[in-house]
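A short write-up of the structure that comes next.
Coordinate-derived values only; no laboratory data. Note that the structure is predicted; figures quoted are calculated from it, not measured. Positions of Cβ are generated from backbone atoms using ideal geometry, with glycine treated the same way; all protein chains shown enter the neighbour counts.
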Amino acid sequence: MTMPQTEWQEFLAQPHIGALAVDAGPDRGPLVVPLWYGYQPGGSVWVVTPADSVKARLIQAAGRFSLLAEQSTPRVRYVSVEGPVTEAREATEDEHLAIARRYLGDGARAYLEMAAGFGVQMLVRMEPQRWYSADLGPS
């Protein structure tokens, strides 16, 4: 059972842990990693990741990625979205703080202090082209 468009957009806008997948090249499966993401209905999906990470290099090389957000309790629901990268640049401190606040609330500043050791952070935006969703249970 798929979700109506407004429902899957609202679902994706909630702070679920995402699973990002990106092509890792010939003779390899895709790289799939958990991460935080940002999304507002009707907008782009965005992530912040260390600029020198394998994930960032593969996203830039592929020019697109997929993201899955899933909820398993009290019922199984998920939204998967895929599309091209529309922006990739150094993230501002405010952008990094925004994604940390989405998941950590008041603990965001402490997280940023710890994450300073990760190096330069990159912001990547993806324009959703393909959506897949399921709602496998009663509400």
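Brief remarks follow.
- Looking only at residues of the range 42-67 that are assigned to a helix (DSSP H, G or I) and touching a strand residue (DSSP E or B) at 6+ places or on another chain (Cβ under 7 Å), we find that the one that is surrounded by the most Cβ atoms within 10 Å (Cβ to Cβ) is Ile59.
- For beta carbons closer than 6 Å, sequence separation of 6+ or different chains, a first residue in the range 50-67 that is under 19 Å from Gly18 (Cα atoms) and a second that is surrounded by fewer than 20 Cβ atoms within 10 Å (Cβ to Cβ) and of a type in the set (Ser, Thr, Tyr), there are no qualifying pairs.
- Applying the criterion of being of a type outside the set (Gly, Ala, Ser) and farther than 21 Å from Gln60 by Cα to the residues of the range 94-104, the residue that is farthest from the chain's Cα centre (by Cα) is Asp94.
- Every pair of residues 6+ apart whose Cβ atoms lie under 8 Å, when the first sits in the range 1-30 and is farther than 14 Å from Arg77 by Cβ while the second is acidic (Asp, Glu) and assigned to a loop (DSSP other than H, G, I, E, B): Pro30/Asp23
- Looking across the range 72-85, the residues that are touching a residue at least 24 places away in the same chain (Cβ under 8 Å) and over 14 Å from the mean Cα position of the chain (by Cα) come down to Pro74, Arg75, Val76, Arg77.
- Residue, farthest from Thr2 (Cα to Cα), within the range 68-113, restricted to residues that are aromatic (Phe, Trp, Tyr) and assigned to a helix (DSSP H, G or I): Tyr111
- Looking across the range 1-48, the residues that are farther than 20 Å from Ala98 by Cα and touching a helix residue (DSSP H, G or I) at 6+ places or on another chain (Cβ under 9 Å) come down to Thr2, Met3, Val22, Asp23, Ala24, Gly25, Pro30, Leu31, Val33.
- The range 1-32, subset surrounded by fewer than 15 Cβ atoms within 10 Å (Cβ to Cβ) and not in a loop (DSSP other than H, G, I, E, B), residue nearest to the chain's Cα centre (by Cα): Val32
- Candidate set: the range 111-125, residues that are under 19 Å from the mean Cα position of the chain (by Cα) and free of Cβ contacts under 8 Å to residues at least 60 places away in the same chain; chosen: the one surrounded by the fewest Cβ atoms within 10 Å (Cβ to Cβ): Ala115
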